[in-house]
Every structure is written in C-alpha cells, then in structure tokens.
1. Could you check the spin-label model distance between residue 240 and residue 73? Points 7 Å from the Cα along Cα→Cβ, value in nm.
2. Residue 165 to residue 186: extension gain in nm, 0.36 nm per residue of separation minus the Cα-Cα distance?
3. Can you give the relative contact order of region 184-296 as a percent, counting alpha carbon pairs under 8 Å and 6+ residues apart?
4. Give me, ordered by chain and number, the residues 5 or more places off residue 158 or on other chains with an amide H under 5 Å from its own placed amide H.
5. Between residue 277 and residue 64, what's the calculated FRET efficiency when r is the beta-carbon distance and R0 is 35 Å? Round to 0.05.
6. Quick one: grab Rg to one decimal and Dmax as a whole number for region 136-292, Cα atoms only, in Å.
7. Amide H to amide H, which residues 5 or more places from residue 233 or on other chains are under 5 Å from it, using H placed in the peptide plane?
8. Counting other beta carbons within 10 Å of each residue's own, what order do 118, 223, 269 fall into, fewest first?
Amino acid sequence: MKRIAAILTSLVLVFSLAACGSQQAGTAAGSEAASTASSETASAAQTKTEEQLLAEENDILTANNELWEKVFASMDKNVTQTTLSNNYGDFLMDAVDKAKDQFTEEEYASLKADADKIREIENQITALPQDEATSQSAAENGSTFPQFEGKDLDGNSVDSSLFVNNAFTVVNFWFSGCKPCVDEMDDLDALNQRIKEQGGEVVGVNTETLDGNADNIATAKKILESAGASFRNIYFDPDSEAGKFALGIMAFPTTYVVDRQGNIVGEPIMGGIDQEANMATLEKLIADAVASDTGK
C-alpha cells in the first residue's frame, strides 16, 4: 500500500541534532559516547537498501492489516501523484485523522504510531545515496516504462515487446490483500474485453508475485479466477529496473497507460477504475494513446 519516498529532513540530521543536545547537557566523555552511538546508528540506517526499508514499511502495515484496510477503504479515491509526493508517513497520518471516527482510541493510537514509524523510514530512504534511491525516482519521474523480461502467472515468458504489439497497454499494479484492488478486477476484465477492438490490452502486475513465490502466484490466480478475470498478469525480477519501478508505487491499485513505444501516457491513476472519475480519466488517457499511435 505505500511506497513513495519524499524529500524531508534525513535521519542522519535527526541523529546529529540528538548528539548536539547531548554535548550541551553532559560531560565531554558522555557527549563523545552519545555522538559515536548516534553516528553508528545513522551509519547502520544507511547500510540498509531501499528494498529493505520498504519491506519494513510493509511489515508495519501488515501487522495491523485489518485496521489499515479500513483506512484505505475510506481514503479519497482520487489521490494524485502530487498528493503522494510528500512523505508517505505524513500522507498516512492525514488519512488516519480523516477516518479516526471509525476507530477506538486504542486503534487510533496504534495507527498513528504506525504512520509515525513509516515517516521515519521514509526519511531514511530520502537519506540514501542517489544511486540507491532508484525505485522512487523511477516510479515518480520516469516517462518510459522500464524494459523487462519475466513471466505470466502460467509460467509463459514475457518481455517488453508486449507494448510493441499493442496500440496501448493498461498496466494495473495490485496486491492480493488490497480490497480495492480485488473489487475492480471484474471492471478491469470488462475493460480488457472492450479495448481489444482498439488494439489495447489490460496487463496486471501483482507486486507480491515479483519474486516468483509459488504460493503468492497461486493466491493471485485464485483471486483472478474468483473475479472471473482472465486478463494477463505478469511478474519480473524485483531487482530489475521494472521491479524497482513496481516497488516504488505507494498507492494501490495504481494504473498506467503505456503506448506502443513503451512511453507512459499522462499521470498514473491512483485508486480503482470502478470509481466513475477514475474510469473517465482512464478513458481519456486511452483516447490520447490511440490518437497518437502511429502503428508498428
């Protein structure tokens, strides 16, 4: 559910300020120890990869999965990329505040604590060297869908050439525990059937299947089958550029329109296309892709 890093004060700066406070309050020896401990903590934080930090965010959300599902279900379905450009923890904090009437005081406090932890993790991600913070920049700033080689959920090989064979491709990112994602499956399948006449195709990417985990693939296939959805779903190496792109997505479901050359058309759609406004936006992006298509 949340994966967009923002540019806020880095965790290193937080630790540096803490060390400075220790120097003012204690002896020189105590200050040196505090500063050393702070530096070691900051150094340890920076040794983590973005993928590891994002996994920590996932673990936090999964621990209170039922509560967070209620938060996401009540969230504004017209979330935009601009809305998510800030620290994801702040975004979650705001969403929790808007839905606070649905929770007990204890549940509300737990959700706020989760959002605060995620805010700190986002600060750590921001503090990573630029070459390590690739997934956020790819998902947020990239205008071209990354090249990939992977498989569909039946094990058939697939790669970026699928874009070339379509006038446009609707790429939908989802995961199995996301109720809004599952709710739109029948709409996505109906869309896939309808856009075939225009040379289009819907392709799903379940981010829980990126590592090829057999159990996660089986779960995804079961969800698709239960929804009567037959559109193609694919996965690729999470360490590839396409994998980093997928892991850089924070709001689910998220849908992109990609043209024949692999270029992303317009901005991504945050939220299900079963929402009228989102479907209208998607239709416009499709129309733009069709209008600019020059053929193979």
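1. Calculated label separation equals 3.6 nm.
2. Details: separation 21, 0.36 × 21 = 7.56 nm, distance 2.40 nm.
Full-extension gain reported as 5.2 nm.
3. On the way: 122 pairs, mean separation 25.3, N = 113.
With pairs under 8 Å counted, the relative contact order is 22 percent.
4. Here 150, 151, 152 satisfy the definition.
5. Details: r = 29 Å, r/R0 = 0.82.
Once rounded, the FRET efficiency stands at 0.75.
6. 14.0, 41
7. 153, 204
8. Values: 118 24, 223 20, 269 27.
Least to most surrounded, the residues fall as 223, 118, 269.
Every number in this text was worked out from the coordinates using simple rules, so none of it is lab data. All values reported here derive from a predicted model rather than from experimental measurement. Quick reminder, even Gly has a Cβ in these numbers, built from the backbone with ideal geometry, and neighbours come from all protein chains shown.
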